[in-house]
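Colleague: Before I ask anything, let me first share the structure, which is written out below as structure tokens.
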Amino acid sequence: MYLNRFKSLLVVSLSLVAILFSTAVMANENPVVADTNHAVATAEAAVSHEAKKEGDFNVTETILEHIKDDHSWHLWGHTSIHLPVILYTSKGLEFFSSEKFVDEHHEPVVYHGNFDYKLIEGKTKIVDANGNIDAAASKQLWDFSITKNVASLFISVIILLLVLLSAANAYKRTGIKSAPKGVQSLMEPIVLFVRDEVAIPNIGAKKAGKYMPFLLTIFFLILTNNFLGLIPFFPGGANVSGNIAFTMTLAVCVFIVVNLNANKSYWEHIFWMPGMHWSMKLFLAPIELIGVFTKPISLMIRLFANITAGHILVLSLICLIFIFKTVFASAIAVPFAVFIGMIELLVAFLQAFIFTMLAAMYIGMATEEHHHESHEAAHH
Amino acid sequence: MLLEINPLVLPDIGLVFWNTIAFLVLLIVLGKFAWKPMLKAINERESGISEALLKADKMKAEITAMQNENEVLLAKAREERAIIIKEAKEASEKMVNEAKEKAKSEYDRILADAQMAIHQQKNAAITDVKNQVGALVIDVAEKVLRKELSNKAEQEAYIKQLADGVKLN
């Protein structure tokens, strides 16, 4: 709530800054004071060069490029890691490097495998001889490539395994009598936080233990990917938790866990609300049934939108420098970007917490023991 | 498809697939080797701490009870000490008194004995003196009588004198 207000406030202040700055830039351009002809010549040359290079600068495209998944992982300058492409078509599995999708000038080219493949807007498509998309054939194409997001996900998995297994081993090594040390003391408060603030209040102390591994795994996976996404360079920089596929997978996992563990009274409350008139029951059933699906969908969209919005915000601020084509814009853009980055750190934790919190709440709702006598009495 | 309007909201099957695998691997591996030992250790520690706290409370209560008991014992001991001292005092006083009385009676007895002895010896002495005086008197009287009786006329005169002395009333 606070954050949303904050973001709208920022948008207003940013547009103000933009208006102010554009006039300032114009003012700067008007008096071209030059002492010598030589200086003027070099300045003009520089300006014309920049204009040529940055004239076709497209903010939307640049930002989307950073937000979207990619087959290669850009490191610096012209160096990037070409990730493997794994395709499944009617002719079977196919492996090749994503290097094959570009030529030496980084222009997209057609790769001739079992079919003719080409990257169209970052997605692998089957093209015909003329280079046009073969929509029918592309529908049969399953892209299991190790993309930037997948690679980043694997990195986060490795980090999680290393950190958490070493933390868990510390308990075996030092026993329970001594105070936690090092990475163990960093992890233990978070684990306790998930247990005491998320699992137990929502699920209940008795059943919470059963769902703790699930909730902890979700929490740490989202948290790690959120933090990795905030690092602007390798091994971060991928927008995993701001990717709808990632959030969808987790939301589906929550959906499965909630509905597999749901007890009889949960389903009864959905299809035949106790303590209601039969007409009301008929009226409520479809609404409650939709609710079963909207809960995980809201989880999916909340995480995706929050993280993507944060990335877009930071990238927009950085793009200000290129929009105004002056280095002085960075005086505004960089502090704001740092400020938003700080907020994003909070959001990274908050969103992991909210996702886990709501997952625990849904599990709690599905496994809650209802006391019908009191329930019905309350309704009448 | 509607979702294809914006590439951002179109989920890639590849990421879904790998993410599912990654999540399941994490869930299984971490669940078995990280969360389970961690939660177990935390629970054990917590139960250990609560047990220790309970124990400490119990100990505290025990110590308080012991202190009370000690105080009672101490008071009792003090009382007993006072009694013992009092008794000892009484006993000693009694002993002193007894000794005094005994000494006095002994003294009295010795005194009486001494007096008696003195008395007896005095009597004996007196008797002795009396006897000796008697003997002397008899001796002297005999000598006197022998001398007196050798003269008949004088004898008669003396008897007459004696007879005169006796008054018949």
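The values are calculated or read from the model by the stated rules, or taken from the named source; none is laboratory data. Treat the numbers as computed from the prediction; the structure is a model and nothing was measured. Cβ placement follows ideal geometry from the backbone for every residue including glycine, while neighbour counts extend to all protein chains displayed.
Colleague: Taking into account only those residues within region A:182-201 that are at the interface with chain B (Cβ under 9 Å from one of its Cβ atoms) and buried (at least 16 other Cβ atoms within 10 Å of the Cβ), which is farthest from A:P235 (Cα to Cα)?
Modeller: A:R195
Colleague: Consider A:A179 carefully, then state whether it is surrounded by fewer than 19 Cβ atoms within 10 Å (Cβ to Cβ), modelled with pLDDT under 85, assigned to a loop (DSSP other than H, G, I, E, B) and not assigned by TED's automatic domain parsing to the domain that holds A:G242.
Modeller: no
Colleague: Same structure again: Look through A:I301, A:I297, A:I312, A:I321 and report the one residue that is more than 14 Å from every other protein chain (Cβ to nearest Cβ) and among the hydrophobic types (A, V, I, L, M, F, W, C).
Modeller: A:I321
Colleague: Tell me, please, whether a residue that is assigned by TED's automatic domain parsing to the domain that holds A:S241, assigned to a helix (DSSP H, G or I), surrounded by fewer than 20 Cβ atoms within 10 Å (Cβ to Cβ) and more than 28 Å from the chain's Cα centre (by Cα) can be found in region A:160-171.
Modeller: yes
Colleague: Does region A:234-245 contain at least one residue that is at pLDDT 90 or above, in contact with a helix residue (DSSP H, G or I) (Cβ under 9 Å, 6 or more places away or on another chain), part of a helix (DSSP H, G or I) and assigned by TED's automatic domain parsing to the domain that holds A:A359?
Modeller: yes
Colleague: Could I ask something else about it? Go through the residues of region A:237-249 one by one and say whether even a single one is under 19 Å from the mean Cα position of the chain (by Cα) and more than 14 Å from chain B (Cβ to nearest Cβ).
Modeller: Yes, because at least one residue in region A:237-249 is under 19 Å from the mean Cα position of the chain (by Cα) and more than 14 Å from chain B (Cβ to nearest Cβ).
Colleague: Going residue by residue through region A:195-210, is there one that turns out to be within 27 Å of A:L64 (Cα to Cα) and either assigned to a helix (DSSP H, G or I) or of a type in the set (G, A, S) (or both)?
Modeller: no
Colleague: Separate question: Here are some residues: A:G229, A:G237, A:G204. Which one is in contact (Cβ under 8 Å) with a residue 60 or more places away in the chain and surrounded by 21 or more Cβ atoms within 10 Å (Cβ to Cβ)?
Modeller: Being in contact (Cβ under 8 Å) with a residue 60 or more places away in the chain and surrounded by 21 or more Cβ atoms within 10 Å (Cβ to Cβ) holds for just one of A:G229, A:G237, A:G204, which is A:G229.
Colleague: Given the criteria within 14 Å of another protein chain (Cβ to nearest Cβ), assigned to a helix (DSSP H, G or I) and surrounded by 18 or more Cβ atoms within 10 Å (Cβ to Cβ), does A:I256 qualify?
Modeller: no
Listed here are the residues, each with its yes/no results for (1) under 22 Å from A:R195 (Cα atoms); (2) among the small types (G, A, S); (3) surrounded by 10 or more Cβ atoms within 10 Å (Cβ to Cβ).
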{"position": "B:S50", "(1), (2), (3)": "yes, yes, yes"}
{"position": "B:K55", "(1), (2), (3)": "no, no, yes"}
{"position": "B:K89", "(1), (2), (3)": "no, no, yes"}
{"position": "B:A99", "(1), (2), (3)": "no, yes, yes"}
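Colleague: Being over 16 Å from A:G237 (Cα atoms), not in a helix (DSSP H, G or I) and not β-branched (V, I, T), is that true of even one residue in region A:316-334?
Modeller: Among the residues of region A:316-334, at least one is over 16 Å from A:G237 (Cα atoms), not in a helix (DSSP H, G or I) and not β-branched (V, I, T), which makes the answer yes.
Colleague: Across region A:90-120, which residue is modelled with the lowest pLDDT among those that are within 14 Å of chain B (Cβ to nearest Cβ) and out of contact with any Phe, Trp or Tyr (no Cβ under 6 Å at 6 or more places or on another chain)?
Modeller: Residue satisfying both the conditions and the ranking: A:I120.
Colleague: Let me ask something else. Out of B:A41, B:A56, B:A22, which single residue is among the hydrophobic types (A, V, I, L, M, F, W, C) and more than 14 Å from chain A (Cβ to nearest Cβ)?
Modeller: Within the list B:A41, B:A56, B:A22, the selection yields B:A56.
Colleague: Suppose we filter B:A124, B:A114 for residues that are within 60 Å of the chain's Cα centre (by Cα) and at pLDDT 90 or above; which single one remains?
Modeller: B:A114
Colleague: Exactly one of these conditions fails for A:F255: (1) within 16 Å of A:I301 (Cα to Cα); (2) out of contact with any Pro (no Cβ under 8 Å at 6 or more places or on another chain). Give me its number.
Modeller: (2)
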